[in-house]
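One structure below.
Just so you know, all these numbers are worked out from the coordinates, no wet-lab data involved. All values reported here derive from a predicted model rather than from experimental measurement. Glycine also receives a Cβ, built like all others from the backbone with ideal geometry; neighbour counts cover every protein chain displayed.
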Amino acid sequence: MDEEAQKTRILIIEDEPAIQQVMCYFFKLHKFEVLGVSGGQEALDVIPTFRPAMIILDLVMHPVSGWDVLEWLNAHSLTTQIPVLVVSALVNLTAQLQGCEKGAVEYITKPTQPSVIVERVQALLAMSAEQRTMLQRKRIDEQRQILKHLYAAQSDNW
């Protein structure tokens, strides 16, 4: 098998051209096969043929959002086969919880160094599907606990 055939495929769904370009560069530098697309519809068109090992997903895109992509992946039972790492400017805990509940294994907020994203992808790909599921559940539980405490503190102040 030649080197190209052995490369791990990463799909980057990011509508900001500069961010997409930098992320693609960093993943290529780390010997991944990378495809960058600018929107949700383009992603839905390429996922079946590109067959990525992992998806890096921005959530805020139009007209087909990252949320729509997560729903499509769930509807096609692909979130267990293709891990999703959300990289989004949505920093509120509710969005992070929803992202994980809808199928993302991890959620990283922007801005983030591209090298951190590459390292996280490498770590996630080194895990088994079962380990990623356990991590996802752990993240959901942690976020729910944090939100529960924040809501309790908020109601105490009223």
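Taking the Cα atoms only, what angle lies between the long axis of helix 114-126 and the longest principal axis of the chain, rounded to 10 degrees? It is inclined by approximately 80 degrees.
If you only keep lysine pairs separated by 8 or more in sequence, or across chains, how many in the chain come under 17 Å at the Cα atoms? Intermediate values should be presented prior to the final figure.
On the way: K7/K28; K7/K31; K102/K138; K138/K148.
Lysine pairs, 8 or more places apart or on different chains, close enough: 4.
Normalising the average separation of contacting C-alpha pairs (under 8 angstrom, six or more residues apart) by the number of residues puts the relative contact order of the chain at 19 percent.
Counted by neighbouring Cβ atoms within 10 Å, the residues E119, E42 run from fewest to most as E119, E42.
Between T109 and V64, the distance separating the two model label sites (each 7 Å from Cα on the Cα→Cβ line) works out to 2.9 nm.
Amide H contacts under 5 Å for L78: none, restricted to partners 5 or more places along the chain or on a different chain, H placed in the peptide plane at 1.01 Å from N. Scanning residues 5 or more positions from I108 or on other chains, those with amide H under 5 Å from its amide H are V86, V87, S88, with H placed 1.01 Å from N in the peptide plane. Separation of the range 134-149 from the range 16-74 is 25 Å, based on Cα centroids.
Just rank H76, H62, fewest to most, by other beta-carbon atoms within 10 angstrom. Please list the in-between numbers first.
Working: H76 13, H62 8.
Result, fewest neighbours first: H62, H76.
List F26, F50 from most exposed to least, where exposure is judged by having the fewest other Cβ atoms within 10 Å.
F50, F26
Rounded to the nearest 500, what is the 222 nm mean residue ellipticity of the chain from helices alone, with -39500 (n - 2.57) per DSSP H run of 4+ residues and division by all residues? List each step's numbers first, then the result.
Details: 7 runs with 88 residues, N = 158.
Calculated at 222 nm, the ellipticity per residue is -17500 deg cm²/dmol.
Listed options for Cα extents along the principal axes in Å are [x] 63, 33, 31; [y] 50, 34, 30; [z] 46, 38, 26. The value calculated from this structure is the one marked [x]. Once the Cα atoms are used to define both axes, helix 66-75 deviates from the longest principal axis of the chain by about 80 degrees.
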